[in-house]
Amino acid sequence: MSEDEEIRSAKRQKVLDSEAERVAEAAEESLRKHPHGDRDQPLVHHDAGEFSGLKRHETTSEQAEKLENGPINPFTGNQLGQKYFDILKVRRDLPVHAQRAEFLKIFHSSQIMVFVGETGSGKTTQIPQFVLYDEMPHLTGMQVACTQPRRVAAMSVAARVADEMDVSLGEEVGYSIRFENKTSNKTILKYMTDGMLLREAMEDHDLTRYSCIILDEAHERTLATDILMGLLKQVCLRRPDLKIIIMSATLDAEKFQKYFHNAPLLAVPGRTFPVEIYYTPEFQRDYLDAAIRTVLQIHATEDQGDILLFLTGEEEIEDACRKISLEGDELIRDQNCGPLKVYPLYGSLPPHQQQRIFEPAPINPSTKPYARPGRKVIVSTNIAETSLTIDGIVYVVDPGFSKQKVYNPRVRVESLLVSPISKASAQQRAGRAGRTRPGKCFRLYTEEAFHKELIQQSYPEILRSNLASTVLELKKLGIDDLVHFDFMDPPAPETMMRALEELNYLQCLSDEGELTALGRLASHFPLDPMLAVMLIGSPAFGCSEEILTIVAMLSVANVFVRPASARKRADEAKLSFAHPEGDHLTLINVYESFMTASDKGGVHQWCRDNFLSYRSLTSAKNVRSQLRRIMERYDLELVSKYGEIGEGVYWDNIKKALVGGFFMQVGKKKSGTGKTYLTVKDNQEVLIHPSTVVSKEGEWMIYNEFVLTSKNYIRTVTTIKPDWLVEYAPKYYNLDHFSKGDVKLSLERIIERVEASKKFDSKKK
DNA sequence: GAGCACTGC
């Protein structure tokens, strides 16, 4: 860069600071004009109809059941169909139904209640309907919400309940998840993800459109559930008319009760089959080997029924599948065992391969008496613990480990660690054996270890995460005093401090800890604050279209596929998209090529040929258009200078915009050594991850993530000029806060150089 | 020269 250009960009930064503020304020103005954005129309009001004579919050189960018995659908006024009555019979058999009167009694007498129901109790489908018959939301213009931690659950439960109530999905009963809002102005019962309700709360702090909020699966303690619980506890004080039901598994009911001022509890038994638990007599050093032996033993000796084995990750699972298949073949030959089919199951597996786990178990073709049964074995990650249920599992093999996210605030790194599971997890895993008939669970640890070494519950997510987004969300929720916010499990003070510090450097929070205009704007994006700030700043560099693409690509699962059988070809394919100076820049090339291929057709094959994940790229496309809509809503300029300016300047502008978000994630090459980099401020020694396509390594690199595996790696990197750091993030690059060393020394020199050229510039004038 | 447990906005 010439000195002249350096000076110009320094000036541009001055413009930029006020520009970002101006942009944020303009967005606020637009928000003031349209406070509800794209919210629904007001709800339709009916006359009391079938409900006439019933008093809200005083109804009885007899009254509700009479209405349920028909013949008129009390919520729509339509005649009820035969299918409705068929389902009604089944519903009346569910364990929750026996306690409907008891439920109503507690619901009437208390603002908050805790409801505990085991699998098969029918709580997720029935409790919200019990509430509807008492709340009569169609008469009050309010809604009942029921949250779920996962999208599929919200969608499928809503569909089931719409059937049960004989209404069309999306009318009286609907669901709301990211990318899809299937509700209308008729909707009185809304299933939604907990994250979605949190988003709504950020716009409407008192959640005024709901008369009752049900938090389902609260025991999973997702980040969103935890924040919602803290928030609802406050909202209850401001809105005495709002009712809250916390639904959870048994184990931690008491903790929820205590948290909500000793809220009353209703417990309903589940409907599952007994599962016999077996422990190993002694500690197993090699759990993988023990697991494989156990599976084969079950196959050789136990009665018919499929096997589910829990392992920790893709590689381990694929490895175990190979070994079980091989040894299973031997059993079939030597010991007359039945045929054995082995299926891997993990999140990154393409959907059609995930579907294969539902194929029926193989049948033993032998007609001899006492022929051993054929069987399928599913080797799975935790995905089969909560997200996916497989019927027909009779045997569960549980080695007692899973990969869990841990956050280290000192080095600000999230990493995955293989760790012992909790008692609650072990119980959940065992339960998977008893869904269709009595089953057995083989725990590959001792009974003593179970009692003495496993913790009761896994640590909630809020204790294992970087809280930058969370703190921004809480601020946007109107919670000013974070230190005294009533978390069910308060995060470590150091984690909190790190998050506040990071948001302050990003200028999302003022030095007083107050939300800035930029922070408010950033909170509207479903992104890490770093990425949100980068995106908001990008129009000033004339490349918001490009930054949108990068941010979307960084928000989805890895788009590069690298099968063990074709590593070399996959790496070559990746290189064909490479930008020599940046992995971030390469992502633009990949996305653009994907979009071109989409226009031409045959894009699935194109993805396979290029070792790219169709699923991830499609999801990046969705994320990108969602983010683009938010940009439009807040009048953030959508701009690209592609083809208008020289290629060097074009890519440099994008890099500068990247620096606007990633200035805290920078590595500087360690002098003399060659490959090692030092992270700025923390002075950690790191290597560039071997997956990089960067061939023109620079002295200074920004990185997307820090990964701790066999070594310390920085992954997804792009070269930058250090001058941009001091220009665009002067606050962070105030060297008073840097410890002595290589990095500080170089930065001092750069600042001197920039200062000198500024003086030179003012003399020229 | 090497890994992506699982979710969610």
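The values are calculated or read from the model by the stated rules, or taken from the named source; none is laboratory data. Being a predicted model, the structure only gives us computed values, none of them experimental. Because the Cβ atoms are built from the backbone with ideal geometry, glycine has one as well, and the counts that use them run over all protein chains shown. Only protein heavy atoms, including side chains, enter the accessible area calculation; ligands, DNA and RNA are left aside. Shrake-Rupley method; radii C 1.70, N 1.55, O 1.52, S 1.80 Å.
Determine whether the stretch A:241-256 contains at least one residue that is under 24 Å from A:SER469 (Cα atoms) and either touching a residue at least 24 places away in the same chain (Cβ under 8 Å) or surrounded by fewer than 22 Cβ atoms within 10 Å (Cβ to Cβ) (or both). I'd like the intermediate steps shown before the answer.
Within the stretch A:241-256, the first condition is being under 24 Å from A:SER469 (Cα atoms), and the residues that meet it are none.
Scanning the stretch A:241-256, I find no residue that is under 24 Å from A:SER469 (Cα atoms) and either touching a residue at least 24 places away in the same chain (Cβ under 8 Å) or surrounded by fewer than 22 Cβ atoms within 10 Å (Cβ to Cβ) (or both), so the answer is no.
With the condition kept exactly as written, say whether any residue in the stretch A:448-456 is open to solvent by less than 30 Å² (accessible area, probe 1.4 Å) and among the polar types (S, T, N, Q). Can you show your working first?
So the first thing to find is which residues in the stretch A:448-456 are open to solvent by less than 30 Å² (accessible area, probe 1.4 Å), and the list is A:449-450, A:454.
Next, from what is left, pick out any that are among the polar types (S, T, N, Q): none.
No, the stretch A:448-456 has no match at all.
Among the aliphatic types (A, V, I, L, M), in contact with a Ser or Thr (Cβ under 8 Å, 6 or more places away or on another chain), within 16 Å of DNA strand B (Cβ to nearest atom) and outside any strand (DSSP E or B): is that true of A:VAL717 in this structure? Steps first, please.
On the way: among the aliphatic types (A, V, I, L, M): yes; in contact with a Ser or Thr (Cβ under 8 Å, 6 or more places away or on another chain): yes; within 16 Å of DNA strand B (Cβ to nearest atom): yes; outside any strand (DSSP E or B): no.
Spelling it out, it is not the case that A:VAL717 is among the aliphatic types (A, V, I, L, M), in contact with a Ser or Thr (Cβ under 8 Å, 6 or more places away or on another chain), within 16 Å of DNA strand B (Cβ to nearest atom) and outside any strand (DSSP E or B).
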Review point. Do we have A:ARG437 as open to solvent by 40 Å² or more (accessible area, probe 1.4 Å) and in contact with a Gly (Cβ under 8 Å, 6 or more places away or on another chain) here?
Key: yes
Exercise for review: Could you tell me whether the stretch A:73-87 includes any residue that is over 23 Å from A:LEU388 (Cβ atoms), among the β-branched types (Val, Ile, Thr), part of a loop (DSSP other than H, G, I, E, B) and open to solvent by less than 50 Å² (accessible area, probe 1.4 Å)?
Suggested key: yes
Review point. Would it be correct to say that A:SER465 is assigned to a loop (DSSP other than H, G, I, E, B), within 16 Å of DNA strand B (Cβ to nearest atom), open to solvent by 30 Å² or more (accessible area, probe 1.4 Å) and hydroxyl-bearing (Ser, Thr, Tyr)?
Key: no
Revision key, fill the gap. Those residues of the stretch A:660-676 which are without any contact (Cβ under 8 Å) to a residue 60 or more places away in the chain, over 29 Å from the mean Cα position of the chain (by Cα) and away from DNA strand B (no atom under 15 Å from the Cβ) amount to A:LYS669, A:GLY672
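Test of understanding: among A:SER523, A:SER555, which residue is among the polar types (S, T, N, Q), closer than 30 Å to A:ARG199 by Cα and open to solvent by less than 40 Å² (accessible area, probe 1.4 Å)?
Values: A:SER555 fails: open to solvent by less than 40 Å² (accessible area, probe 1.4 Å).
Answer to the selection: A:SER523.
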Study note, to complete from the structure: Over the stretch A:426-464, the set of residues of a type in the set (Ser, Thr, Tyr) and in contact with an Asp or Glu (Cβ under 7 Å, 6 or more places away or on another chain) is A:THR436, A:THR446
Revision key, fill the gap. Exactly one of A:LYS696, A:LYS641, A:LYS656 is away from DNA strand B (no atom under 16 Å from the Cβ), open to solvent by less than 30 Å² (accessible area, probe 1.4 Å) and charged (D, E, K, R), and that one is A:LYS656
Revision key, fill the gap. Going through (1) buried (at least 16 other Cβ atoms within 10 Å of the Cβ); (2) hydrophobic (A, V, I, L, M, F, W, C); (3) part of a helix (DSSP H, G or I) one by one, A:LEU237 fails only at (1)
Exercise for review: Take the stretch A:229-271 and flag every residue that is touching a Leu at 6+ places or on another chain (Cβ under 9 Å), closer than 23 Å to A:GLY431 by Cα and of a type in the set (Lys, Arg).
Suggested key: A:ARG271
Review point. So which of A:SER380, A:SER402 is within 12 Å of DNA strand B (Cβ to nearest atom), in contact with a Ser or Thr (Cβ under 8 Å, 6 or more places away or on another chain) and open to solvent by less than 30 Å² (accessible area, probe 1.4 Å)?
Key: A:SER402
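Would you please name the residue that is farthest from DNA strand B (Cβ to nearest atom), looking only at residues in the stretch A:264-290 that are assigned to a strand (DSSP E or B) and in contact with a Pro (Cβ under 8 Å, 6 or more places away or on another chain)? Give the derivation first.
Let us first name the residues in the stretch A:264-290 that are assigned to a strand (DSSP E or B), namely A:265-268, A:275-279.
Then drop every residue that is not in contact with a Pro (Cβ under 8 Å, 6 or more places away or on another chain), which leaves A:268, A:275-276.
Working: A:VAL268: 26, A:VAL275: 23, A:GLU276: 27 Å.
Looking at residues that are assigned to a strand (DSSP E or B) and in contact with a Pro (Cβ under 8 Å, 6 or more places away or on another chain), I get A:GLU276.
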Practice item. Give me a count of the residues in the stretch A:700-713 that are modelled with pLDDT of 90 or more and either β-branched (Val, Ile, Thr) or more than 16 Å from DNA strand B (Cβ to nearest atom) (or both). Key: 3
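To keep it simple, each residue is scored yes or no on (1) away from DNA strand B (no atom under 16 Å from the Cβ); (2) surrounded by 13 or more Cβ atoms within 10 Å (Cβ to Cβ); (3) free of Cβ contacts under 8 Å to residues at least 24 places away in the same chain.
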| position | (1), (2), (3) |
| --- | --- |
| A:LEU326 | yes, no, yes |
| A:VAL342 | yes, yes, no |
| A:GLN355 | no, no, yes |
| A:PHE358 | no, yes, no |
Review point. Scanning the stretch A:167-201 for residues that are more than 13 Å from DNA strand B (Cβ to nearest atom) and surrounded by fewer than 22 Cβ atoms within 10 Å (Cβ to Cβ), which turns out farthest from A:LYS83 (Cα to Cα)?
Key: A:ASN185
**Study point:** Filter result (in a helix (DSSP H, G or I), touching a Gly at 6+ places or on another chain (Cβ under 9 Å) and surrounded by fewer than 24 Cβ atoms within 10 Å (Cβ to Cβ)) within the stretch A:497-517
**Key:** A:LEU500, A:ASN504
Point to revise | Close pairs from the stretch A:400-423: first without any contact (Cβ under 8 Å) to a residue 24 or more places away in the chain, partner outside any strand (DSSP E or B) and more than 11 Å from DNA strand B (Cβ to nearest atom), Cβ under 9 Å, at least 6 apart | key: none
Review point. Pick from A:THR679, A:THR718: which is crowded, with 17+ Cβ neighbours inside 10 Å and either within 25 Å of A:VAL556 (Cβ to Cβ) or without any contact (Cβ under 8 Å) to a residue 24 or more places away in the chain (or both)?
Key: A:THR718
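Quick one: would you say A:ARG293 is without any contact (Cβ under 8 Å) to a residue 40 or more places away in the chain and either part of a helix (DSSP H, G or I) or within 22 Å of A:ARG333 (Cβ to Cβ) (or both)? Break it down stepwise before answering.
Working: without any contact (Cβ under 8 Å) to a residue 40 or more places away in the chain: yes; either part of a helix (DSSP H, G or I) or within 22 Å of A:ARG333 (Cβ to Cβ) (or both): yes.
Criteria met by A:ARG293.
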Revision key, fill the gap. All-but-one check, A:HIS219 against (1) open to solvent by 10 Å² or more (accessible area, probe 1.4 Å); (2) outside any helix (DSSP H, G or I), failing number (2)
